[in-house]
Amino acid sequence: MCCVNGLPMQVGLNTLLRQGKPDRLLIEPTGLGHPKQILDLLTAPVYEPWIDLRATLCILDPRLLLDEKSASNENFRDQLAAADIIVANKSDRATPESEQALQRWWQQNGGDRQLIHSEHGKVDGHLLDLPRRNLAELPASAAHSHQHVVKKGLAALSLPEHQRWRRSLNSGQGYQACGWIFDADTVFDTIGILEWARLAPVERVKGVLRIPKGWYESTVRAMTCTLKRKTLRHRTAVLS
């Protein structure tokens, strides 16, 4: 999710806990989401009978520590500060410079927290059961403005009749975001869409879309592209 949007977020969480009765609730904020709002909500007294909050994991590409824009971003810093466990991801793509940057950052900010190295975001499931120990006070998030879609759940992915696509805009923390939803009949040229994603002057491109071979999930970050086949029940192409 993007952020805690006041009462609607609380209503949605209440409904999920009451109707879904999940054994485990995993919350993944976007890069523009601020952890303080989420942690404050989950640790509120009203949720004590319902939620036993465990460790917060933050997945970090150490190469971003070499990028001044990323390293100085408030959300970037606060997400790392809020974590009980730092997962240094993409170890297979580490460079001597990024390893040194990670060591310097860890010496200054690691404290008694855990540092885990991983590839492709793979971590041991037992980390999710570790207790929450990082109780450091986080600053309030800066203003975060965007266009919230009124529809909820899968309805938010639906398009009006005869409309082939829709675009949505989002901004915060000095970043601009843009996303598209396409109808299920839209088939993208494989080479064309991958080249566009790889060469676009943006920080990250993510999407689930249809190419001639079927439905695939695509992620492009730091000039690295991954493509995974997807089995979907709700077939709408999403690109952001």
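The values are calculated or read from the model by the stated rules, or taken from the named source; none is laboratory data. Computed from a predicted structure; not experimentally measured. Don't worry about glycine lacking a Cβ; one is built from the backbone with ideal geometry, like all the others, and counts go over all protein chains shown.
With the condition kept exactly as written, say whether any residue in the range 145-155 is at pLDDT 90 or above and among the hydrophobic types (A, V, I, L, M, F, W, C). No - not one qualifying residue is present in the range 145-155. Within the range 116-131, residues that are exposed (fewer than 14 other Cβ atoms within 10 Å of the Cβ) and of a type outside the set (S, T, Y) reach partners that are at pLDDT below 95 and in a helix (DSSP H, G or I) with beta carbons closer than 6 Å, at six or more positions or on different chains, in the pairs E119/S91; E119/D92.
Could you list all residues from the range 162-186 that are surrounded by fewer than 14 Cβ atoms within 10 Å (Cβ to Cβ) and either under 30 Å from E74 (Cβ atoms) or β-branched (V, I, T) (or both)?
Those that are surrounded by fewer than 14 Cβ atoms within 10 Å (Cβ to Cβ) and either under 30 Å from E74 (Cβ atoms) or β-branched (V, I, T) (or both): R167, L169, G174, Q176, C178.
Scanning the range 76-102 for residues that are among the polar types (S, T, N, Q) and under 22 Å from R133 (Cβ atoms) turns up Q79, N89.
Taking the conditions exactly as written (modelled with pLDDT under 90, among the basic types (K, R) and in contact with a Ser or Thr (Cβ under 9 Å, 6 or more places away or on another chain)), does K21 satisfy them or not? Judged against the criteria, K21 is not a match.
Can you tell me which residue in the range 20-40 is surrounded by the fewest Cβ atoms within 10 Å (Cβ to Cβ), limited to those that are of a type outside the set (S, T, N, Q) and under 17 Å from N134 (Cβ atoms)? Ranking the candidates gives D40 first. Only one of the numbered conditions (1) modelled with pLDDT of 90 or more; (2) within 19 Å of the chain's Cα centre (by Cα); (3) outside any strand (DSSP E or B) is not met by S70, and that is (1).
Within the range 178-219, the set of residues being among the acidic types (D, E) and over 23 Å from L159 (Cβ atoms) comprises E195, E203.
Residues in the range 81-134 that are in contact with a strand residue (DSSP E or B) (Cβ under 6 Å, 6 or more places away or on another chain) and of a type in the set (V, I, T) were compared, and the one that is nearest to I51 (Cα to Cα) is I85.
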